[in-house]
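Working notes, structure below.
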Amino acid sequence: MTIQDKIFRPDGWSATARLGLVVPHADVGPEAECAALGGTQVSVHGARINFSAMRAGGEMDPKIPHDPVESFTQPPYIDDIAASLCESPLTALGLAFTSSAYKHGPEWERALVERLRPRLRGIPVVTTCLAAETALRSLGIKRLAIVNPAWFDEDLDALGARYFEAAGFDVVHHAPCGLKSGQKYVSPPALYDWIKTTAAPSGADAVFVGGNGQRAIGVIDAVESQLGLKMLTANQVLFWGALQAAGVRPSVEGYGTLFSKNVTPV
């Protein structure tokens with residue numbers, strides 16, 4: 001310990017990486033989960049876009065309407081917010097939104113990244129579903145079960161299955177989870193039980209829990225160790241993918257096989 005370590009207190013600048021997140025305005029889930037994953041190694045910095053399906057206090061419609069989902073990644077709002085956030089000294093940028101990818105499909109997601117890049121000062125940008133594609137391939141997953149938030153209706157859930165099928169995966173199960181709709185009502189035990197009774201019997205190699213607003217990372221270790229499934233979640237893959245794109249590999253334990261040292265992007 002140096003003399004400076006003895007007289008000065010930590011101020012948050014000692015993190016090895018700084019992750020920026022673009023999130024819906026009333027959603028605290030992505031920042032909370034990415035901060036838990038990063039610990040003291042990665043600082044998390046969010047910027048918000050108004051999302052009319054969410055209300056004060058994080059409340060939302062029982063089933064979110066599709067129009068705001070579709071418009072969330074349309075220019076100019078996300079472009080301007082992302083560019084503004086990247087004026088900061090970030091290491092990487094993540095777009096924390098699953099349902100817009102479901103609506104638009106993989107090619108739109110790739111076009112979105114290319115559209116944003118010229119405005120981001122060279123900071124790598126990753127979207128949730130593109131990161132999920134990379135993570136699934138890196139783990140050698142073929143057969144996939146998808147557990148979506150209760151606030152996704154059947155049509156949006158079906159679009160999620162179509163997204164991953166278009167990306168080359170065999171979706172053997174997909175459904176909104178049977179929990180009460182709302183960010184505050186998802187708990188690790190309830191989500192674990194839902195995965196155990198509905199997704200695990202499907203014969204999938206892995207389960208992907210969609211929806212960046214859905215609390216899920218606390219379940220990963222239990223699902224992998226107790227149910228024998230690989231587990232990926234929206235914020236887990238976004239955190240992993242964004243930092244991988246920046247060439248940063250923080251040490252993360254207890255949050256899934258994805259963070260094993262022998263897993264590299266494919």
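The values are calculated or read from the model by the stated rules, or taken from the named source; none is laboratory data. This is a predicted model, so every value here is computed, not measured. All Cβ positions, even for glycine, are placed from backbone atoms using ideal geometry, and neighbour counts span all protein chains on display.
A compact table of results
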read-out: Neighbours by Cβ (under 7 Å, 6+ apart or cross-chain): first from the range 198-211, within 8 Å of ALA145 (Cβ to Cβ) and modelled with pLDDT of 95 or more; second surrounded by fewer than 18 Cβ atoms within 10 Å (Cβ to Cβ) and charged (D, E, K, R); value: ALA204/ARG143
read-out: Matching residues in the range 251-266 - criterion: being modelled with pLDDT under 90 and more than 17 Å from THR233 (Cβ to Cβ); value: LYS261, ASN262, THR264, PRO265, VAL266
read-out: Within the range 19-106, helices (runs of 4 or more DSSP H) holding 3 or more residues that are free of Cβ contacts under 8 Å to residues at least 40 places away in the same chain and over 26 Å from THR134 (Cα atoms); value: 77-85
read-out: Condition broken by VAL223, with the remaining ones in (1) surrounded by fewer than 23 Cβ atoms within 10 Å (Cβ to Cβ); (2) over 30 Å from LEU90 (Cα atoms) satisfied; value: (1)
read-out: Only one of VAL126, VAL113, VAL147 that is within 18 Å of the chain's Cα centre (by Cα) and either part of a loop (DSSP other than H, G, I, E, B) or closer than 14 Å to THR233 by Cα (or both); value: VAL147
read-out: Candidate set from the range 203-212 (those that are touching a Phe, Trp or Tyr at 6+ places or on another chain (Cβ under 8 Å) and in a loop (DSSP other than H, G, I, E, B)); member that is nearest to ASP27 (Cα to Cα); value: ASN212
read-out: In the range 71-98, residue nearest to ALA166 (Cα to Cα) [restricted to those that are of a type in the set (Ser, Thr, Tyr) and at pLDDT 95 or above]; value: THR98
read-out: Output for the range 107-130, where each listed residue is more than 29 Å from ASN148 (Cα to Cα) and touching a residue at least 40 places away in the same chain (Cβ under 8 Å); value: ARG119, ILE123
read-out: Any chance LEU191 is surrounded by 22 or more Cβ atoms within 10 Å (Cβ to Cβ) and either hydrophobic (A, V, I, L, M, F, W, C) or assigned to a strand (DSSP E or B) (or both); value: yes
read-out: Selection count, the range 164-188, where residues are closer than 20 Å to SER202 by Cα and touching a strand residue (DSSP E or B) at 6+ places or on another chain (Cβ under 8 Å); value: 11
read-out: Residue selected from the range 226-266 under the condition among the hydrophobic types (A, V, I, L, M, F, W, C) and not in a helix (DSSP H, G or I), by the criterion surrounded by the most Cβ atoms within 10 Å (Cβ to Cβ); value: MET231
